[in-house]
Amino acid sequence: MLKKNINIGIVGLGQIGGRLYKEILSKKNDIEIKTEKKVNIIAISAKNYKKRRSFKFSKKIFYKNPLDIAKNPHVDILFELIGHPNGISKKVVEIALKNKKHVITANKALMAKNGDYLSLVAEKNRVNLEFEAAVGGGIPILRTIKDGLATNKINKVVGILNGTCNYILSEMHSLKDSFRNVLKRAQSLGYAEISNPKFDLNGNDTLSKVRILSALAFNKKISTNKCLMDGIEDIELEDMAIADKLNFKIKLLGITEIINNKLFERVHPCLIKKDTYIANINGVMNAVILEGEPVGESVLQGEGAGPGPTSSALMSDLLSILRGNIKYPFGLPNNKRKRISSYDQKLYVNSFYLRIQVKDKHGVLSSITKTFTKNKISIKNLIQNPDKKNKKSNIIIITHENLEKNFINLLRSLKQNKFLLKKPTFIRIEKI
């Protein structure tokens, strides 16, 4: 990109798009000093033109149809900030790339689902497709893998990758407040969507990020494998209190690793020891641990939720393009990235925490322990908390290490127990 004046289009003017718009305008001089390029926003698009916003813009630069921005020959760099995995988001990015425009996106769902195809389009047209903001908020994790650790062989990535979930779990633990109350607070602060926060809470958001990290860290195609995935909706204050007594904290982790030359991706709540680094990452903070050779363990930490961290990553991508860094989106040419087989998750070995709420009757504990024996699972610790007033009891069990498939069978068996009052709470114990 040799020309001095660079024209920018922004598609999507929500919290992120609005923050970016103001950021670019306020930092024009700084951008020019650092890149010797002048930037101008010449096109914007949003679903609702009349929506009240915290900034003003000229009607002349507003486009009702975002595809017109993608086709506009005067636009050099396009920001896609709509957020859908397919549909208009994919069309805007695809058309922009085919029209030889650089594209920057924060859309992790789009990249996790269509990243291989879109990166190929970018490669063919010799333009950049940048997506640093899709993973880890303001943490430069993708650039670290692509550039800083480019010659390292990474074998495992572990991270707190969703600021919303980390905020909720942290607040539940520190304030002894319920999931429902903390979620409402997260929504009021803009950390969680008001209409439908499910994508964050059920683990889907983290899984999209894990798939992107896998592709980059291991130089492979984006996986479509079925993964272990659980969210945080079933975590209750009682689990927090029990974990605290057992010297654990509960965190939602995204983990990807290579085991026997096969890919094992997973997202789920974990019990981790209080004295570990990642157990003490609280609030909306994200953290990622990379294990590689020869570098060993690398740790990155930063804010992972909100317009500020996201716009920081978007600006980083912008400056990278303005400096003339034309790179393969996933670090390697598309034909060098191969598919990788999936590790059989049923062979995963770990120990587990279960909280089983049952009727407070004679013979209940015996029936529960017999179910464990039948499924070849050994009990390490057992705590019984009876509630005589309400004629119920909580049985808390920590198991010895066993196969995932045996725990799946155990949960099926427990559901058939006539003394069971609700679905058991089931959390894996992770050694980090």
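The values are calculated or read from the model by the stated rules, or taken from the named source; none is laboratory data. As the structure is a computational prediction, the values presented were derived from the model and not from experiment. Backbone-built Cβ (ideal geometry, glycine too); neighbour counts: all protein chains shown.
For the range 159-181, a residue qualifies if it is crowded, with 22+ Cβ neighbours inside 10 Å and of a type in the set (A, V, I, L, M, F, W, C), and the qualifying residues are I160, L161, C165, I168, L169, M172.
Of the residues E32, E123, E94, E80, the single one that is touching a strand residue (DSSP E or B) at 6+ places or on another chain (Cβ under 7 Å) and within 30 Å of K338 (Cβ to Cβ) is E80. Pairs meeting the criteria (first residue in the range 298-309 and free of Cβ contacts under 8 Å to residues at least 60 places away in the same chain, second residue crowded, with 19+ Cβ neighbours inside 10 Å and assigned to a helix (DSSP H, G or I), beta carbons under 9 Å, at least 6 apart or on different chains) are V299/I278.
Residues in the range 243-250: is at least one without any contact (Cβ under 8 Å) to a residue 24 or more places away in the chain, part of a helix (DSSP H, G or I) and either surrounded by 20 or more Cβ atoms within 10 Å (Cβ to Cβ) or charged (D, E, K, R) (or both)?
As a first pass, look at the range 243-250 and keep what is without any contact (Cβ under 8 Å) to a residue 24 or more places away in the chain: 245.
Remaining after also requiring part of a helix (DSSP H, G or I): 245.
Checking which are either surrounded by 20 or more Cβ atoms within 10 Å (Cβ to Cβ) or charged (D, E, K, R) (or both) leaves us with 245.
Checked the range 243-250: at least one residue is without any contact (Cβ under 8 Å) to a residue 24 or more places away in the chain, part of a helix (DSSP H, G or I) and either surrounded by 20 or more Cβ atoms within 10 Å (Cβ to Cβ) or charged (D, E, K, R) (or both).
Scanning the range 323-345 for residues being farther than 21 Å from L118 by Cβ, buried (at least 16 other Cβ atoms within 10 Å of the Cβ) and either under 20 Å from the mean Cα position of the chain (by Cα) or not hydroxyl-bearing (S, T, Y) (or both) gives a total of 1.
Among the conditions (1) modelled with pLDDT of 90 or more; (2) surrounded by 20 or more Cβ atoms within 10 Å (Cβ to Cβ); (3) not basic (K, R), G304 misses just one, which is (1). N394 meets the conditions (1) in a loop (DSSP other than H, G, I, E, B); (2) within 25 Å of I232 (Cα to Cα) in every case but one. The failed one is (1).
Being farther than 19 Å from V288 by Cβ and not assigned by TED's automatic domain parsing to the domain that holds I408 is a property that does not hold for A217.
Just checking, does the range 368-376 include any residue being in contact (Cβ under 8 Å) with a residue 60 or more places away in the chain, among the charged types (D, E, K, R) and out of contact with any Leu (no Cβ under 6 Å at 6 or more places or on another chain)?
Quick first cut of the range 368-376, residues in contact (Cβ under 8 Å) with a residue 60 or more places away in the chain only: none.
There is no residue in the range 368-376 that is in contact (Cβ under 8 Å) with a residue 60 or more places away in the chain, among the charged types (D, E, K, R) and out of contact with any Leu (no Cβ under 6 Å at 6 or more places or on another chain).
Of all the numbered requirements in (1) buried (at least 19 other Cβ atoms within 10 Å of the Cβ); (2) under 18 Å from the mean Cα position of the chain (by Cα); (3) in contact (Cβ under 8 Å) with a residue 40 or more places away in the chain, D239 misses one, and that requirement is (2).
Checked against (1) modelled with pLDDT of 95 or more; (2) within 20 Å of G138 (Cα to Cα); (3) surrounded by fewer than 23 Cβ atoms within 10 Å (Cβ to Cβ), A217 passes all but condition (3). R185 - would you say it is at pLDDT 90 or above and touching an Asp or Glu at 6+ places or on another chain (Cβ under 8 Å)? In short, yes. If you go through the range 1-58 and pick out every residue that is of a type in the set (D, E) and surrounded by 12 or more Cβ atoms within 10 Å (Cβ to Cβ), you end up with 2. Evaluated against (1) surrounded by fewer than 19 Cβ atoms within 10 Å (Cβ to Cβ); (2) modelled with pLDDT of 95 or more; (3) under 27 Å from the mean Cα position of the chain (by Cα), N99 falls short on exactly one condition, (3).
Check S311 against each of (1) under 19 Å from the mean Cα position of the chain (by Cα); (2) part of a strand (DSSP E or B) and name the one condition it does not meet. Here S311 clears every test but (2).
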